[in-house]
Amino acid sequence: MISLAYYAIVVIPLWQYEIIGHPLNKFWGIDKLILGILVGSIIFLASYLCYENIKAKRGKPHFPYQKVVMPVGSLAILSLIFYFLTRH
């Protein structure tokens, strides 16, 4: 429930000021900000679950700060992918 409140705190003001919903801000027919929030959240959760799976199987991480590197690295790679996909 708290997570939904955080999303609402971000999305509602952007929608009220018409930053979300601008007709030129679309990719695959979806607003870029909404698409980024959804895909980024899914990738972040998947990388966290992947880390937890690795840690459960091995008993410890492969390297220090792996818990931070995996989600941040995944989001950085995703950002690069979307950057190159949306260039005109």
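None of the figures in this text is laboratory data; all of them are computed from the coordinates on show. These numbers come from a predicted model, not from an experiment. Cβ sites come from the backbone with ideal geometry, for glycine too, and all protein chains shown count toward neighbours.
Expected output is a single nm value to one decimal: the length gained when fully extending between Glu18 and Thr86, i.e. 0.36 nm times separation in residues minus the C-alpha distance. What is it?
Fully extending the segment from Glu18 to Thr86 adds 22.4 nm.
Using θ = phi - 60° and the Karplus form 6.51 cos²θ - 1.76 cosθ + 1.60, what ³J(HN,Hα) does each residue of segment 70-77 get, whole Hz, x for Gly and Pro?
Per-residue couplings from phi come out as 4, x, 5, x, 4, 5, 5, 5 Hz.
If you add up the charges near His62, with Lys and Arg at +1 and Asp and Glu at -1, over every other residue whose beta carbon is less than 14 angstrom from its beta carbon, what do you get? Intermediate values should be presented prior to the final figure.
Working: positive: Lys55, Lys57, Arg58, Lys60, Lys67; negative: Glu52.
Summing Lys and Arg as +1 and Asp and Glu as -1 gives +4.
Taking +1 at the Cβ of each Lys and Arg and -1 at the Cβ of each Asp and Glu, which of Pro61, Leu35, Leu49 sits farthest along the dipole of segment 13-82 towards its positive end, judged by Cα position relative to the Cα centre?
Highest projection toward the positive end goes to Pro61.
Within segment 1-68, which chymotrypsin sites (Phe, Trp or Tyr not before Pro) sit in a loop by DSSP and count at most 13 neighbouring Cβ atoms inside 10 Å?
On the way: sites: Tyr6, Tyr7, Trp15, Tyr17, Phe27, Trp28, Phe44, Tyr48, Tyr51, Tyr65; in loops: Tyr17, Trp28, Tyr65.
Within segment 1-68, the qualifying chymotrypsin sites (Phe, Trp or Tyr not before Pro) (loop, at most 13 other Cβ atoms within 10 Å) are Tyr17, Trp28, Tyr65.
Using the 10 angstrom Cβ neighbour count as an exposure proxy, how do Arg58, Arg87 rank, fewest first? Each step should come with its number before you reach the end.
Numbers: Arg58 9, Arg87 6.
By the 10 Å Cβ count, ascending, the order reads Arg87, Arg58.
Give me the net charge for the shell around Tyr51: Cβ to Cβ below 15 angstrom, other residues only, Lys and Arg +1, Asp and Glu -1. All intermediate terms of the calculation are to be shown ahead of the outcome.
Working: positive: Lys55, Lys57, Arg58, Lys60, Lys67; negative: Glu52.
Counting the neighbours of Tyr51, the net charge comes to +4.
Assuming a ≥ b ≥ c are the square roots of the Cα gyration tensor eigenvalues, decide whether the chain counts as rounded (a/c under 1.5), prolate (otherwise, with a/b larger than b/c) or oblate. Walk me through the intermediate numbers first.
On the way: a/c = 3.49, a/b = 1.79, b/c = 1.95.
Cα axes put the chain in the oblate bin.
Hey, which aspartates and glutamates would be in cross-link range of Lys60, C-alpha to C-alpha under 18 Å, not counting anything within fewer than 8 residues on its own chain?
Cross-link targets: Glu52.
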